Amino acid sequence: EKLHEIMVTTEDSMTTYEYDKHFIVYPQMVFSTKRMPQPTGKKVPEGFSYSSGNNTEWLTVEQIQELLKKLD
């Protein structure tokens, strides 16, 4: 298992937008005749990356236990 997983690479930063609870990496090229939706999020800075190593929001043991209880 990896110690830190990269979810958004620096190369992807050119087409990545940040929203309240997630990021969207839009394709660099459009392969369809359909129009791409216009991003409404905040454009991330060039060179941005997001990985488990720079995450700032962590669940406590109690929060994880509560989430697991909801699965039963």
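A compact table of results
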{"read-out": "Within region 25-50, tally of residues that are closer than 20 Å to His4 by Cα and out of contact with any Asp or Glu (no Cβ under 6 Å at 6 or more places or on another chain)", "value": "4"}
{"read-out": "Residues located in region 39-52, provided they are surrounded by 10 or more Cβ atoms within 10 Å (Cβ to Cβ) and part of a loop (DSSP other than H, G, I, E, B)", "value": "Pro39, Gly41, Val44, Phe48, Ser49, Ser52"}
{"read-out": "Residue satisfying all of: in region 53-72; surrounded by fewer than 10 Cβ atoms within 10 Å (Cβ to Cβ) and acidic (Asp, Glu); nearest to Thr9 (Cα to Cα) among these", "value": "Glu57"}
{"read-out": "Members of region 1-57 that are aromatic (Phe, Trp, Tyr) and touching a Ser or Thr at 6+ places or on another chain (Cβ under 9 Å)", "value": "Tyr17, Tyr19, Phe23, Tyr26, Phe48, Tyr50"}
{"read-out": "Selection within region 24-36 - loosely packed, with under 10 Cβ neighbours inside 10 Å and modelled with pLDDT of 75 or more", "value": "Pro27, Gln28, Met29"}
{"read-out": "In region 10-23, residue surrounded by the most Cβ atoms within 10 Å (Cβ to Cβ) [restricted to those that are in contact (Cβ under 8 Å) with a residue 12 or more places away in the chain and under 10 Å from the mean Cα position of the chain (by Cα)]", "value": "Thr16"}
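Per-residue answers, yes or no, for (1) of a type outside the set (Gly, Ala, Ser); (2) outside any loop (DSSP other than H, G, I, E, B); (3) touching a residue at least 24 places away in the same chain (Cβ under 8 Å); (4) touching a helix residue (DSSP H, G or I) at 6+ places or on another chain (Cβ under 6 Å):
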site	(1), (2), (3), (4)
His4	yes, no, yes, no
Met7	yes, yes, yes, no
Pro27	yes, no, no, no
Phe31	yes, no, no, no
Pro37	yes, no, no, no
Asn54	yes, no, no, no
Leu59	yes, no, no, no
Gln63	yes, yes, no, no
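The values are calculated or read from the model by the stated rules, or taken from the named source; none is laboratory data. Computed from a prediction, not measured in an experiment: that's the story for all the values here. Glycine gets a Cβ as well: all are built from the backbone with ideal geometry, and neighbour counts include every protein chain shown.
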